[in-house]
Amino acid sequence: MSYIYLVPIHLHRSVNLEELTRCVENTFGVRTKTRSFKIDLPGTYDPIRKQYNSSLILRQLIAYPPVDACKILGITAVDLFIPILTYVFGEAQLDGIGAVVSLHRLQNQFYGLPENHTLMKDRLIKEAVHELGHTFGLLHCTNPGCALNASTYVENIDQKSHELCIDCREAIGLR
């Protein structure tokens with residue numbers, strides 16, 4: 001049996017991944033396991049940008065995958081970037097094993113708004129499904145409600161569902 005591994009990366013103990021676990025299992029029909037990996041987070045920090053390079057984190061996540069891993073999703077709270085973009089909510093290998101998402105820009109406090117744990121969890125689930133969808137080979141979807149719809153801004157995340165549309169589900173062999 002293979003699993004989707006959820007890997008907390010330097011997350012505060014108060015972050016509960018139980019709801020994310022259920023949603024990932026329901027969406028992709030694959031059991032999940034939560035496990036710690038040794039990630040050198042400080043080694044991915046860019047002091048000029050004051051952000052963390054998501055590609056370097058991703059590289060570490062997939063370096064030594066467990067033999068029963070079909071996918072690995074890292075979850076962190078640091079601000080992520082890739083060199084060609086100002087920031088990213090996450091990054092994934094298209095049709096690969098690994099993905100990473102960040103809570104940093106999913107939290108209302110980042111935008112000067114009151115804390116809202118429910119909204120942050122909802123955003124995390126949507127972005128986790130989005131990035132894992134890429135690992136299953138899905139490209140961005142034009143259906144505005146689909147989790148694979150592109151999200152440039154947090155408002156885009158709020159407008160979409162945590163579920164895959166019928167076309168995306170069929171593309172990866174789900175009913």
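The values are calculated or read from the model by the stated rules, or taken from the named source; none is laboratory data. Quick caveat, the model's predicted, so the values are computed rather than measured. Because the Cβ atoms are built from the backbone with ideal geometry, glycine has one as well, and the counts that use them run over all protein chains shown.
Going through segment 24-45 one residue at a time, which ones are buried (at least 19 other Cβ atoms within 10 Å of the Cβ) and of a type outside the set (Val, Ile, Thr)?
Result: 28, single match.
Taking segment 44-61 as the region of interest, how many residues are assigned to a loop (DSSP other than H, G, I, E, B) and among the charged types (D, E, K, R)?
Residues that pass the stated criteria total 2.
Would you mention how many residues in segment 111-135 are in contact with a Gly (Cβ under 9 Å, 6 or more places away or on another chain) and not charged (D, E, K, R)?
Going through segment 111-135 one residue at a time, the tally reaches 4.
What do you reckon, is residue 115 under 25 Å from residue 13 (Cβ atoms) and of a type in the set (Asp, Glu)?
So residue 115 fits the description; yes.
Given the conditions (1) under 24 Å from residue 8 (Cβ atoms); (2) in contact (Cβ under 8 Å) with a residue 60 or more places away in the chain; (3) of a type in the set (A, V, I, L, M, F, W, C), and given that residue 174 satisfies all but one, which numbered condition is not satisfied?
(1)
Residues in segment 13-29: is at least one among the hydroxyl-bearing types (Ser, Thr, Tyr), more than 15 Å from residue 124 (Cα to Cα) and either modelled with pLDDT of 95 or more or part of a loop (DSSP other than H, G, I, E, B) (or both)?
Among the residues of segment 13-29, not one is among the hydroxyl-bearing types (Ser, Thr, Tyr), more than 15 Å from residue 124 (Cα to Cα) and either modelled with pLDDT of 95 or more or part of a loop (DSSP other than H, G, I, E, B) (or both), which makes the answer no.
Could you grab the pairs with beta carbons closer than 9 Å, sequence gap of 6+ or different chains, first residue in segment 55-69 and in contact (Cβ under 8 Å) with a residue 24 or more places away in the chain, second one of a type in the set (Ser, Thr, Tyr) and in a loop (DSSP other than H, G, I, E, B)?
68/2; 69/2
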